[in-house]
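Asks: First the structure, which I've put down as structure tokens, then a few questions once you've had a look.
The values are calculated or read from the model by the stated rules, or taken from the named source; none is laboratory data. This structure is a prediction, so every number in the text was calculated from the model and none was measured. Using ideal geometry, Cβ is built from the backbone for each residue, glycine included, and neighbour counts are taken over all protein chains shown. We work out accessible area using only protein heavy atoms, side chains counted, and drop any ligands, DNA or RNA first. Shrake-Rupley method; radii C 1.70, N 1.55, O 1.52, S 1.80 Å.
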Amino acid sequence: MAEPAAEQVIAGIPAAEGLVIGRIAREGGTHPGGHQAGHQVGRRAGSSAEERAALLAAVAQAKAELDALIAGEDELAAEILEFQQALLEDDDLLAPIFDAVQAGASAQGAWDQALDREIAEYRGGEDEYLSARAADLADLKGRVLRALAGEGDDGKAALAEGAILVAEDLTPSRFLELDWQRLGGGAIRGGSKTSHVAILARARGIPLIVGLEVELDRLAPDAPAVLDAEAGRLILAPSDGTLAQVQSRIQARAEGDAAAAEALAEDAVTAEGERVQVLINVDDPAILDGLSPAHCDGIGLTRTEFLFAGEEPPDEAAQLAVYRRILAWAGGKPVTIRTLDAGGDKPIPGVSREAEPNPFLGQRGLRLSLAHPEVFRVQLRALARAAAEGPLKVMLPMVTLPAELAQARRLLDEVLAELAAEGVAHGRPALGIMIEVPAAALTAGDFAADFYSIGSNDLVQYVMAAARDNPALAGLALADHPAVIELIQRSVAAARARGVEIGLCGDLASDPATVPLLLDCGLRSLSVAPAQLGRVKLALRGYRGKAAGP
Ligand code: PEP
Ligand code: MG
């Protein structure tokens with residue numbers, strides 16, 4: 001009798017939490033033609049005029065396919081696809097391709113080469129965000145090539161129920177085409193935690209591992225496997241012992257989910273009955289549609305980078321409309337909106353500096369806003385106008401010196417005076433700072449801030465001198481390192497001495513395991529990922545203050 005295959009563990013990076021027991025399904029192996037960008041197409045080149053017409057038709061078909069996909073998706077997914085649509089209307093991209101066709105190149109060859117060049121440029125840099133956008137370009141490249149070959153969109157591919165999809169990479173539109181009602185989860189060799197496919201998977205609660213360290217040929221279709229997207233592992237031929245252990249973790253996860261869902265509607269109190277403020281972080285207002293303001297104490301961080309995704313910075317009216325919508329959702333609860341935090345891991349075309357040698361130590365956050373007063377003033381005007389309609393707080397990111405806060409306050413004062421002179425309704429928002437830079441944490445008391453919010457994601461990377469987007473340094477991202485704790489405690493003490501509020505809005509607050517530590521540091525206001533609200537409330541319920549220990 002054949003020996004059962006030995007269990008084999010393949011490492012990866014967890015991108016969207018979850019556990020799946022299932023069988024391997026290979027992307028591209030289950031439907032004709034696969035879905036790899038750049039696959040060969042069988043089409044003969046014609047005259048320049050014919051090639052031009054063929055390319056125009058293929059671009060039009062790709063646009064129509066994207067239209068149809070966008071119509072069935074939510075706002076976040078639609079935005080990703082709209083980026084691809086915008087490329088199909090981008091003259092800078094298209095004109096040289098049509099020129100090459102005019103000069104005798106085939107439509108397929110010209111498109112292929114131009115897109116490969118763009119993709120290589122995006123991938124070439126160190127920047128994780130731009131590399132992630134390369135996947136969008138590859139996606140678009142494949143779509144137009146398929147259209148040129150006369151192939152249609154292959155729609156939702158049928159894959160086995162509960163299967164673990166493995167792939168080199170998944171483009172955003174391919175991810176959206178897949179039937180995740182049937183599939184259990186995915187593991188891909190490409191990607192990163194900040195790639196669009198990871199963002200989409202997290203938003204939909206689909207377990208996903210990226211950076212899988214294996215050649216796909218070694219993964220036999222239909223082989224039994226476990227996707228452990230909590231630890232970032234794909235386990236092939238799992239032993240009975242592993243299966244039993246994973247089963248009980250799945251059970252515990254389900255119980256945890258149910259308990260968290262129940263805790264969601266309850267007050268955020270410790271075991272001793274102390275009320276703690278629990279607010280939410282908003283990266284994209286679309287998320288508010290599925291959330292009840294009754295479950296939180298307001299919004300502790302609104303990242304406004306999403307507003308700046310287009311080619312031009314948004315105008316005052318567009319920003320005002322979004323800020324009003326957020327305030328209306330909160331229904332009188334406090335809303336903190338952070339001014340643009342471009343630069344570092346969040347490049348914004350036309351605002352952040354291109355190819356900065358050391359972006360995390362470069363011109364980012366408030367530094368960049370102060371360098372672009374024409375952009376900053378528009379945001380401050382929109383915020384001041386929104387402040388007429390609710391309790392709005394404005395928060396400045398990446399502040400290092402009290403003089404930077406003073407400069408921002410002067411600009412705010414000027415904007416308020418301007419609005420008053422114009423007779424435009426406005427309010428004076430509270431103006432606070434994020435504590436993300438060790439220098440600001442150590443001198444927090446010197447800032448004339450109306451409030452403080454600790455940005456632990458950045459604070460940890462600056463204290464530990466370990467870039468937050470470098471997976472090789474994951475072992476140094478120690479949020480509970482004594483040096484980090486010391487800075488949090490000092491910041492809390494400085495805020496108390498000045499009699500102003502302090503909270504924490506980094507990912508640390510969303511982790512139930514670190515919540516007690518933050519309370520021990522004296523924090524009583526946490527701003528968390530909406531999906532973690534229930535779990536954080538549960539963690540609070542289990543907390544007894546240090547002094548009350550056994
Ligand atoms: C932080 O740095 O902790 C933070 C909340 O800001 P971001 O993650 O947007 O840099
Ligand atoms: Mg930050």
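Asks: Could you pull the Cα extents of the chain along its three principal axes, largest to smallest, in whole Å?
Replies: Rounded to whole Å, the extents work out to 75, 71, 40 Å.
Asks: Only bridges with both residues in the chain count here: give the DSSP antiparallel percent, nearest 5. Intermediate values should be presented prior to the final figure.
Replies: Details: 18 of 51 bridges.
DSSP beta bridges in the chain are roughly 35 percent antiparallel.
Asks: Could you grab the relative contact order for the chain? Cα pairs under 8 Å, six or more apart, rounded to a whole percent.
Replies: On the way: 1010 pairs, mean separation 79.2, N = 550.
Relative contact order, the chain: 14 percent.
Asks: Place +1 on the Cβ of every Lys and Arg and -1 on the Cβ of every Asp and Glu in the chain, take the dipole about the Cα centre, and give the residue among LEU148, ALA114, GLY22 whose Cα lies farthest towards its positive end.
Replies: GLY22
Asks: Where nothing but the Cβ of Lys and Arg (+1) and of Asp and Glu (-1) is charged, how large is the charge dipole of the chain around its Cα centre, in debye to the nearest 20? Let's see the in-between values first.
Replies: Numbers: 50 positive and 80 negative charges, 298 e Å.
Charge dipole, the chain, about its Cα centre: 1440 debye, nearest 20.
Asks: Given the rule -39500 (n - 2.57) for each run of at least 4 DSSP H residues, summed and divided by the residues of the chain, what is its mean residue ellipticity at 222 nm, to the nearest 500 deg cm²/dmol?
Replies: -13500 deg cm²/dmol
Asks: Relative to the Cα centre, what is the charge dipole magnitude of the range 395-550, using +1 at the beta carbon of each Lys and Arg, -1 at the beta carbon of each Asp and Glu, and rounding to the nearest 20 debye?
Replies: Values: 13 positive and 16 negative charges, 155 e Å.
Around 740 debye, computed over the range 395-550.
Asks: Can you tell me the relative contact order of the range 399-550? Whole percent, Cα pairs under 8 Å, sequence separation 6 or more.
Replies: Relative contact order, the range 399-550: 19 percent.
Asks: Given the peptides 518-530, 206-218, arrange them by the average over their residues of other C-beta atoms within 10 Å, most packed first.
Replies: Top of the packing list down: 518-530, 206-218.
Asks: Here's something else I'd like to know. Whole number in Å², please: accessible area per residue of the chain, 1.4 Å probe, ligands, DNA and RNA not counted. Intermediate results must be reported in sequence, preceding the final value.
Replies: Values: 23790 Å² over 550 residues.
Each residue of the chain exposes 43 Å² on average to a 1.4 Å probe.
Asks: Which percent of the accessible heavy-atom area of the chain goes to carbon and sulfur, probe 1.4 angstrom? Numbers along the way, then the final one.
Replies: Numbers: 12600 of 23790 Å².
Of the solvent-accessible surface of the chain, carbon and sulfur hold 53 percent.
Asks: Which of LEU380, VAL394, VAL500 sits farthest toward the positive end of the charge dipole of the chain, with +1 on the Cβ of Lys and Arg and -1 on the Cβ of Asp and Glu?
Replies: VAL500
Asks: Relative contact order of the range 266-541: what whole-number percent is it, with Cα pairs under 8 angstrom and at least 6 residues apart? Spell out each step's value before the answer.
Replies: Values: 519 pairs, mean separation 52.8, N = 276.
Normalised by residue count, the contact order of the range 266-541 is 19 percent.
Asks: Right, here's the next one. In nm, to one decimal, how far is the LYS546 label point from the THR443 one, both placed 7 Å along Cα→Cβ?
Replies: That separation, rounded to one decimal, is 2.7 nm.
Asks: Let me ask you something else. Tally Lys/Arg at +1 and Asp/Glu at -1 over every other residue whose Cβ is under 12 Å from the Cβ of ALA497; what's the total? Write down the numbers at each step before the final one.
Replies: Working: positive: ARG490, ARG496, ARG498; negative: ASP446.
With Lys, Arg at +1 and Asp, Glu at -1, the net is +2.
Asks: Across the chain, how many lysine pairs, 8 or more positions apart or on different chains, have C-alpha atoms separated by under 22 Å? Please give the number.
Replies: Values: LYS63/LYS141; LYS63/LYS156; LYS141/LYS156; LYS193/LYS346; LYS333/LYS393; LYS333/LYS537; LYS537/LYS546.
Step by step, the pairs that qualify in the chain add up to 7.
Asks: Express in whole angstrom the spacing between the alpha-carbon centres of the range 524-547 and the range 180-241.
Replies: Computed from Cα coordinates, the inter-centre distance equals 29 Å.
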